[in-house]
Structure formats: C-alpha cells, structure tokens
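Student: A single structure is presented below for examination.
Any read-out appearing in this document is the output of simple, stated calculations on the displayed coordinates, not a laboratory observation. Note that the structure is a prediction, hence the values are computed from the model and not measured. A quick note on method: Cβ atoms are made from the backbone with ideal geometry, for glycine too, and the neighbour counts reach across all protein chains shown.
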Amino acid sequence: MSLSILKNSLKKGKVTIKLDFVRSALPPEIEELGQELKKTIHTKFGRSFHIREVDTGSCGACESEIIACSNPLYDIQRFGIDFVASPRHADALLVTGPVSKNMELALKKTYEAMPEPKFVITCGHCALDGGIFKDSYYVVGAVKEILPVILHIPGCPPSPLTIIRALLGFLRQS
Amino acid sequence: MNHSDYVGNILGSEKINIIDLSEIYQDELYVIVDSTDFVKACHLLHKRLDSSVMMFFAEDLRQESQIFALYCVFLNVQSHTWLFVRQNIAQDKLKFDSLAKDIYSASLFEREIREMFGLEPVGNPDMRRLKLHDEVWPKEYYPLRKDFTGPKEDSFKGASYVFKRVEGEGIFEVPVGPVHAGIIGSGHFRFSAAGEPIINLEIRLGWTHRGIEKVLEGKDTNDALRIFECISGDTAFGYSMAFCQAIEKILGLNIPVRSQLLRILCLELERLYNHANDMGGIALDVGFSFPAQFASLIKEAILQLNEGLCGSRYLKGVNTVGGVKQDIDRVKSGLIMGALAKVKKDFIALEEMLFSSISFMDRVDATGVLRLRTARDLGIMGLAGRASGIALDMRKVFPGIYNNFSFKMAKEHTGDVAARLKIRCSEVKESLNIIQHCLEKLDACSPELKMTGEEKGGFALGCVEAWRGPVLVWVRLNTKGKIERCKIVDPSFHNWDGLSFAVLGNIIPDFPLCNKSFDLSYSGNDL
C-alpha cells in the first residue's frame, strides 16, 4: 500500500509548481499573485488569514470551487489563507447563496461568534442580491442587508482563480 | 397485453373504480380514481409493481376546475412506464387519506404536500414541517397555492420544532449544524447516543429552501433552464437535461442523435468528476490524505476539461430545449481523449491506493450498513440503492440513446461504505467506456444539433439517471409556454432517510464517513 502511494507521489511530483497535470497550465500570474498575497497577509494579519464559510442557500457549486482553492493545484494554503472549522478562529466570513429565511439567524449567530476584527465576504451571484432567487417568498435578500459586506466575489460559480484574485485585491486595500 | 390493460386488470381485480385511464405518452400512464379508492389503488400498485413511491405531489387546479389534484407516481420497470395515480380533492375538503402507514416512502412527500398546499394527510403519524421552518414561517401560509400571498411581517412570533427524543440513563444528545465544520451545505443532525454508538439520528433539513418550485411558476423555458442549473450545483447538467426532456416530450420533439450523444457525454463527465470527488472525500474522512488530494486533482482535471469544452466547469449553458448549444468537434474530441487517458490512469492508481490499504479497508468495511429491506422500505434511489442491492438504474429502464452502448449496471449487496465506494469505482470505468464510444459515434453523426417546435401546452415527466440517482422533473406548461406547476424530486429527498438508518450502531466519529459515502445534496432536497 505505502509502496503505491510512494510510487504515485514520486510519479506526480510537485503538481503545484510543475502544473503539467492539467491540460491547460495555470497562467503564470498565480504564482506572483500568491507571493504578493503572502506578503500582505504577513504584514497585516500576522502570517495568516482565516476564513469561515457559511452556506445560506447555495446550490453547492460555490462550495465546490472554494474547496478547489485548497487542492494541490491552487493550494491557497501556501500563501497563508486557510478555511477553518469554527467562526471563533476566523478573520473573515465567506457567505454563499441567497439568504434563505431558515438561515438568517444562523448567519447572524456565526458572525457574532467571530472575534474582532472581522470581515464579511460574499461569493457568487446569489449572495450579492439573491440572484435568480431574489423574488422568492423565502429569500430574505442580499447578505449586505443583514451584515456589513466588504467584498463580493462575482461568478456563478466564481472559479478558484477568481476567488484567489479577489482575495488578493481585498487584502491589498485593507 | 399493453400497459393500460395490465394496470386496468390489477385495479379491476380489487374492484377499484377507474374514472379515467389514459396513456399520455408511451412511457406515462395516468389513472384517475375516486378519493375513497386512492389508498387501496396505491397500495395494490406498490405491491404488484414492486415500486416505492417515486413522486407524490399536488397541483392547485382550483381556478380551472375547483379541485386540487394529487398524483402518486410508481415505476413499472418491466414495461418501462411511469404510472401516475391521480385523485381529485374538492377545494373545500382540504384533506386526503394518508398512504404513509402502509407505504413508508410516501411519508415525506405527504408532509411536503401538507406544508406547501395545506392539504391534510389524515393518518400520517408525523405532521412536522420539512422546509418551512416553524421558527420563521407562520402556519396557514401555503406557498404553492395559486392564491398565495406572503405572510404579514410583524404578526409572527415564531414557534419551535420538536425533535424526536430518546430518553434513558446515560443517553445524551449531540446537536450538529446547521453550520458545519467543513465547507458544505447546511443541515442539522441530532444524534442520540449512549457511550459511543448512535442510537438515533434525526436529520432536520430545509435550511437552504429557496422556494424554487414557486419561483419557476410563470417562467418561460429559457429562464427556467437557468434556474434548473442552480438547483444542485454538482448536478447542474443532470437537472437541465431532465427539464429539457420533459419540455421536449410536451412539444413532441425528437432531438437529433448528435445532441443525444452530446448529452450523455456530458452526463457521464458529470458522473466522473463527482465520483472522483467522493472517492477522495471518503479517504479524507478517515484521515487518509494522500489519496484524497490525489482525487481532488482528478476532479480538477475533469472540471478544466469541462471548461475547455463548453466554457463552464459545471457544464452550465450546454442544454437547451430541443438539443444542445455547443458541439464537440474533432479538436475538442481530441482534448477529451487526451484528458481522459490521464484520468483513467489516475483512477486506477487511486483505486489501488484505497483498496490495498488494510487500515483504510478496515474503516470502510461493515461501516454504515444500509440493509436491503430498509432500503426498499425507504425507497432508496440510485447509487446508494444499488450498493444495498436494489438493481435500478434509469439508464437501463429508459435507455434512449444508451441502447447503443453496452455497460454493466453496478450492484453490490453489503450496503456499507465499502459497497458505495465499489459502486463508484465500477461506474467510473463504465463511464469512461461510454464516453469513448460516444466520441467514436459522434464522428459518423450528422452535424444537426437543435430542433425547434411549436409552442404547446401540456404536462410530462423528465427523468435522468444523474450521478447520485434519478432526477425527476414533472412540468405542466400552459398554452403560452409558461410553467404552471413544476415538481422536482432529487434522489437525496429519498436517501437522507437512508443515512439516518445506516449510521445506527456506528460511532459518531464514523458519521462523516457514512455521510460522505452517500454524499447527498442539501440544496436538491430543500429546493
């Protein structure tokens, strides 16, 4: 068993840098982006920037792309950005989906549980204004009407690269 | 004997009065019976056809004919037909006899009908609401009625939901969610445990309810298609395909062979990336991180391939009513061949890693067992059903273009996490073969992609075996081509109950593993 892992590990090598695993290699800017991001995080947030994700009615595609940010190819963690299990450990709240009535309280409580300083970031069209579900009887409305949102990442869903790029832009300003 | 006679005979044998029996399409049979006979008729068909309740839904027809219509849908595998048993409920009666006492798989549907239409399933032991949570939604506001207007904001104070409770010495409850530790949908799990083993698990869902069925009403098919792609992000293609099938049936369109091939090609790509995701997820949930990361790269490779083919990593915007929008030419076909050759090698390596690890197999073997008997009673669908021994795959029942491909239906009988993993491994291999043969056939196929038809009203069911199981979409269009009523059933709606039975006797730390092996959709269930 361990042999097969070793074999595959050696065969694959370090995908994050080689980038030949996928058909179209990532644009070179991802490395630069990441290095720049790392510096910003280092100076402003003391080495790391931790994000807690909350789904308030998303279809799951945004989640899938956020998870992809941590795969060995994009490996957002190497730049000091990480997704954490508890709002208590988080610097930012990443919200996906239109806000369903059922999730409104959970969203507020998650935000309240975070230590200061804290930021709210929305991800995907639905979270911006309810998207295609905005006229529904069960959608409360945009996340920004409930919490102070500082950044929106557009897309349906935004690709991992879009997410990484948007986070960089935000960290550069803040 | 044709289908209608067969069904007529079954019902006639118990002297059930048939008001109307019509074969609307070759594979859809509608039978209307008296309200007094409805339970008996459903019970009889449930037994004789050996089918669980596939769908059970209501429709508000008070404007046209002063009634609510209730449809209970069974599947006749032998004759490849859907059987819709309908009863009409007078608009002032507002109740019907519950099926749930005899047919468990009807239970959740009845609760849904009750909260959405205000029709009381008399005799259903569980009347709690599923999607409209008591805390935020007052009673007596039924969203799917045609005359629904939203509740008044200030009058409602909020009520509370009562969980099932296990009591006794040393028994404790562990509530989890709706916000979880991982990056995942929202759901609440309440475990009752004594020491390590789980004695009861109650799953409360509905957190991501967006009122999709109501939002769809009044939409034309193009707008609706965009919504269908956002019902469950990981099944975006499966949903859009099921919806298109339903509409094409209504309009009487036989879509070009090339489009049919392209559709199953995309459907199999969707199956591949999701199976890769889950195989990795199962490894991750036992802390076996190398194969988990390895699998995430396989998934990423397929998502990037998808983007290269149609500009969307989740295959959105491919389907359209009457065919597909995007062709796959020889260049793209080459891309697929190249990418999938690598993917195939990686899948084999992944499988070897997982199945040759004794400690991994020890964790998945005999964990989260869902027995055949339980699975049948609950009406478990798709992948999870096949792992427990229910040999049902809609690609075999309603093959369509799949007729041209020989593939083996995966089936296991142990019903544990390992079985669900093995099903995925075997389906991956079949999918890769199907895609390859599909590309060969595309070469010799005429370039026509799309058909258009006259606008027409009517109703029909679309059914697609997506990666998780059958996605069912029933649509009624009015003569202007707008949606009057749409009922969507995700396999997750049946299968969440299966999870709560599969975990019994397992330890709470194994719950994530069991959960991932089912990998059910929150948003597809909640709608």
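Student: Which is of a type in the set (A, V, I, L, M, F, W, C) and closer than 30 Å to B:PHE189 by Cβ, of B:LEU442, B:LEU472, B:LEU449?
Tutor: Working: B:LEU442 fails: closer than 30 Å to B:PHE189 by Cβ; B:LEU449 fails: closer than 30 Å to B:PHE189 by Cβ.
Answer to the check: B:LEU472.
Student: Ok, one more. Anything in the stretch B:344-366 that is closer than 13 Å to B:LEU272 by Cα and either buried (at least 21 other Cβ atoms within 10 Å of the Cβ) or hydroxyl-bearing (Ser, Thr, Tyr) (or both)? List them, or say none.
Tutor: Correct list: B:PHE347 only.
Student: Of all residues in the stretch A:57-92 being in contact with a Leu (Cβ under 8 Å, 6 or more places away or on another chain) and in a loop (DSSP other than H, G, I, E, B), which is farthest from the other protein chains (Cβ to nearest Cβ)?
Tutor: A:GLY80
Student: Need the failing condition index for B:VAL324 against (1) over 16 Å from B:LEU267 (Cβ atoms); (2) more than 8 Å from chain A (Cβ to nearest Cβ); (3) in contact with a Ser or Thr (Cβ under 7 Å, 6 or more places away or on another chain), just the number.
Tutor: (1)
Student: Among the residues of the stretch B:227-238, is there at least one that is surrounded by 14 or more Cβ atoms within 10 Å (Cβ to Cβ) and at positive phi?
Tutor: Going through the stretch B:227-238, the residues surrounded by 14 or more Cβ atoms within 10 Å (Cβ to Cβ) turn out to be B:227-238.
When the remaining residues are screened for being at positive phi, the result is none.
Scanning the stretch B:227-238 turns up no residue that is surrounded by 14 or more Cβ atoms within 10 Å (Cβ to Cβ) and at positive phi.
Student: Right, here's the next one. Give me the pairs, please: first residue somewhere in the stretch B:349-362 and within 13 Å of A:LYS7 (Cβ to Cβ), second residue anywhere and of a type in the set (Ser, Thr, Tyr), beta-carbon distance under 9 Å, and either six or more positions apart or on two chains.
Tutor: B:ALA349/A:SER4; B:GLU352/A:SER4; B:MET353/A:SER4; B:SER356/A:SER4
Student: Let me ask you something else. Taking only pairs six or more apart or across chains, which ones have beta-carbon atoms under 6 Å, a first residue in the stretch B:123-135 that is away from chain A (no Cβ under 11 Å), and a second residue that is in a loop (DSSP other than H, G, I, E, B) and among the polar types (S, T, N, Q)?
Tutor: Here the result reads B:GLY123/B:SER98; B:ASN124/B:SER98, each pair linking the stretch B:123-135 to a residue that is in a loop (DSSP other than H, G, I, E, B) and among the polar types (S, T, N, Q).
Student: Got a number for residues in the stretch B:83-114 being among the charged types (D, E, K, R) and within 20 Å of the chain's Cα centre (by Cα)?
Tutor: Taking the stretch B:83-114 as the starting set, the residues that turn out to be among the charged types (D, E, K, R) are B:86, B:92-93, B:95, B:97, B:101-102, B:110-112, B:114.
Then keep just the ones that are within 20 Å of the chain's Cα centre (by Cα); that gives B:110-112.
Number of matching residues: 3.
Student: Still on this structure: Counting only residues that are assigned to a helix (DSSP H, G or I) and either within 25 Å of the chain's Cα centre (by Cα) or facing another protein chain (nearest Cβ under 9 Å) (or both), how many does the stretch B:285-297 have? Don't jump to the end; show me each part of the working.
Tutor: Looking only at the stretch B:285-297, we keep the residues that are assigned to a helix (DSSP H, G or I), and these are B:289-297.
Now narrow it down to the ones that are either within 25 Å of the chain's Cα centre (by Cα) or facing another protein chain (nearest Cβ under 9 Å) (or both): B:290-291, B:293-297.
Residues that pass the stated criteria total 7.
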